[in-house]
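K.L.:
The structure's right below; bear with me while I get my questions together.
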Amino acid sequence: MNDRHPAHHPSRRITEEAAGWYLDMRENPGAHARERFLAWLRRSPQHVAEYLAIAQLHGDMRAVAAMDGTSPDDLRTLAATEPSVVPLRRDQGERPREVSARQARRSHPGRWAAAASILLLGAMAWFLGRPSADMPGVRYVATADGVRIVTLADDTRIQLSPGSIVDVRFDHRSRRIELVSGDASFDVGTDATRPMQVDAGGQRIEDIGTVFDVSRRSGDIEVSVISGRVAISNPAARWLDRARLRLTGRGWPAERVAEIGGGETARVSTEGRLIGRGKADVATVAAWLPAEIRFHDSRVADVARRFNAYTATPLSVDDPVLAEKRISGAFHARDPEAFVSYLGSLPHVRVVREPKRIRFTSASGSRRL
């Protein structure tokens, strides 16, 4: 591999170097190339992690898959107890003789591979043992006697059943929510630059633009989609996911369990197995949600969005003037048609019914409602 020093971002340079070394190491390299490769690995634990990431992209991660259940502490212990000198084999009766490190690597490629493995373990243990760079989190807790509604900075709306808990971790690269316990309804805000992930137990739910409900009341996880689609996956081990996240801003690719759309539900066991899948009864998916939607001096857009947790046909206020109009009142939560009729009765408002949503637009040019 030719050493290059491109002027672009250092992390991108490391990725390119790792890709080059991966290709070189698959072509039965000579001793000199192997020595340079080891020197490159020793230079930084980021080199080790990025090399492993490149190998994973090529499906060459059997060794890492075997380590998936290993904690950073176990890795550090293993790296510390592995012998730093590999004893050389000799025939019975032969006098021991000194063998140079270069000769040992040339004559015994398996020993070189063992040494490289020890180096990888040690570097990964050091890298993962550093202080965690996890995103700062905010915990939201619903009281035992009421539903709590939380609107996040990205316009994501969460409704928590009584006693439920979520942890929210957002940064400039990703949005992560963990359902610690209970039930929650999610109406995800759109942000193409930061993917949304909801973790519940051992499973991960990735949003593909949707309103969905997650229940963690028993050992199993139940996900019901009101509208849109979600993907349910088994994520990689936390330490491996965290290492990848630190370097690239994205977690380790997860094992897909199921993908479900509006009106569907899926139940996944704590072991990550799909137990059942079928049609969701939207009327009973989130029976814990309030039966009535009350609002006072609230934006029309916010009120319309509250109905989306109850109906498979979401409401969308496309007219900016109507969206900002303030209203007060009360509607039965599971009767969105009454609210649709109310908005349709307002002057200059047009109701557009589409197969997958109901839109409210302006029936004329700019005006004041």
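The values are calculated or read from the model by the stated rules, or taken from the named source; none is laboratory data. Computed from a prediction, not measured in an experiment: that's the story for all the values here. Positions of Cβ are backbone-derived with ideal geometry, glycine not excepted, and every protein chain shown enters the neighbour counts. With ligands, DNA and RNA removed, areas are computed over all heavy atoms of the protein, side chains included. Shrake-Rupley method; radii C 1.70, N 1.55, O 1.52, S 1.80 Å.
K.L.:
Would you pick out the residues in the stretch 280-298 that are open to solvent by 30 Å² or more (accessible area, probe 1.4 Å) and either on the phi > 0 side of the Ramachandran plot or touching a helix residue (DSSP H, G or I) at 6+ places or on another chain (Cβ under 6 Å) (or both)?
P.N.:
Listed by number, the list holds a single entry, Asp297.
K.L.:
Restricting the first residue to the stretch 324-340 and requiring it to be modelled with pLDDT of 95 or more, which pairs with a second residue that is open to solvent by 80 Å² or more (accessible area, probe 1.4 Å) and assigned to a loop (DSSP other than H, G, I, E, B) meet a Cβ separation below 8 Å and a spacing of at least six or different chains?
P.N.:
none
K.L.:
Check whether at least one residue in the stretch 345-359 is surrounded by 11 or more Cβ atoms within 10 Å (Cβ to Cβ), out of contact with any Phe, Trp or Tyr (no Cβ under 7 Å at 6 or more places or on another chain), acidic (Asp, Glu) and closer than 22 Å to Ile226 by Cα, and report yes or no.
P.N.:
Among the residues of the stretch 345-359, not one is surrounded by 11 or more Cβ atoms within 10 Å (Cβ to Cβ), out of contact with any Phe, Trp or Tyr (no Cβ under 7 Å at 6 or more places or on another chain), acidic (Asp, Glu) and closer than 22 Å to Ile226 by Cα, which makes the answer no.
K.L.:
Could you please find all residues in the stretch 302-323 being touching a Phe, Trp or Tyr at 6+ places or on another chain (Cβ under 9 Å), touching a residue at least 12 places away in the same chain (Cβ under 8 Å) and open to solvent by 20 Å² or more (accessible area, probe 1.4 Å)?
P.N.:
Arg306, Pro314, Ser316, Val317, Asp318
K.L.:
Only one of (1) open to solvent by less than 10 Å² (accessible area, probe 1.4 Å); (2) over 20 Å from Ser269 (Cβ atoms) fails for Val225. Which number is that?
P.N.:
All conditions are met except number (2).
K.L.:
Here is a further query. How about the stretch 325-365: which of its residues are assigned to a strand (DSSP E or B) and touching a Gly at 6+ places or on another chain (Cβ under 9 Å)?
P.N.:
Residues of the stretch 325-365 that are assigned to a strand (DSSP E or B), as a first pass: 326-332, 349-353, 358-362.
Hits for the stretch 325-365 are Arg350, Val351, Phe360.
K.L.:
Does the stretch 157-167 hold any residues that are in contact (Cβ under 8 Å) with a residue 60 or more places away in the chain, surrounded by 16 or more Cβ atoms within 10 Å (Cβ to Cβ) and part of a loop (DSSP other than H, G, I, E, B), and which are they?
P.N.:
Of the residues in the stretch 157-167, the ones in contact (Cβ under 8 Å) with a residue 60 or more places away in the chain are 157, 159, 161-162.
Next, from what is left, pick out any that are surrounded by 16 or more Cβ atoms within 10 Å (Cβ to Cβ): 157, 159, 161.
The one that is in contact (Cβ under 8 Å) with a residue 60 or more places away in the chain, surrounded by 16 or more Cβ atoms within 10 Å (Cβ to Cβ) and part of a loop (DSSP other than H, G, I, E, B): Ser161.
K.L.:
Just name the residue that is farthest from Gly262 (Cα to Cα) out of those in the stretch 293-324 that are assigned to a strand (DSSP E or B), in contact with a strand residue (DSSP E or B) (Cβ under 6 Å, 6 or more places away or on another chain) and among the charged types (D, E, K, R).
P.N.:
The residue in question is Asp297.
K.L.:
Kindly indicate which of Gly272, Gly219, Gly261 is within 30 Å of Tyr51 (Cα to Cα), at pLDDT 75 or above and more than 13 Å from the chain's Cα centre (by Cα). Talk me through it step by step, then tell me what you get.
P.N.:
On the way: Gly219 fails: within 30 Å of Tyr51 (Cα to Cα); Gly261 fails: within 30 Å of Tyr51 (Cα to Cα).
Testing whether each residue is within 30 Å of Tyr51 (Cα to Cα), at pLDDT 75 or above and more than 13 Å from the chain's Cα centre (by Cα) leaves just Gly272.
K.L.:
Could you look through the stretch 145-156, keep only residues that are open to solvent by 30 Å² or more (accessible area, probe 1.4 Å) and assigned to a strand (DSSP E or B), and pick out the one that is farthest from Asp191 (Cα to Cα)? It would help to see each step written out before you state the result.
P.N.:
Residues of the stretch 145-156 open to solvent by 30 Å² or more (accessible area, probe 1.4 Å): 145, 147-149, 151, 153, 155.
Cutting the leftovers down to assigned to a strand (DSSP E or B) gives us 148-149, 151.
Numbers: Arg148: 24, Ile149: 20, Thr151: 15 Å.
Restricting to residues being open to solvent by 30 Å² or more (accessible area, probe 1.4 Å) and assigned to a strand (DSSP E or B), the top hit is Arg148.
K.L.:
Within the stretch 172-193, how many residues are closer than 18 Å to Val138 by Cα, open to solvent by 40 Å² or more (accessible area, probe 1.4 Å) and outside any strand (DSSP E or B)?
P.N.:
Looking only at that region, the number is 2.
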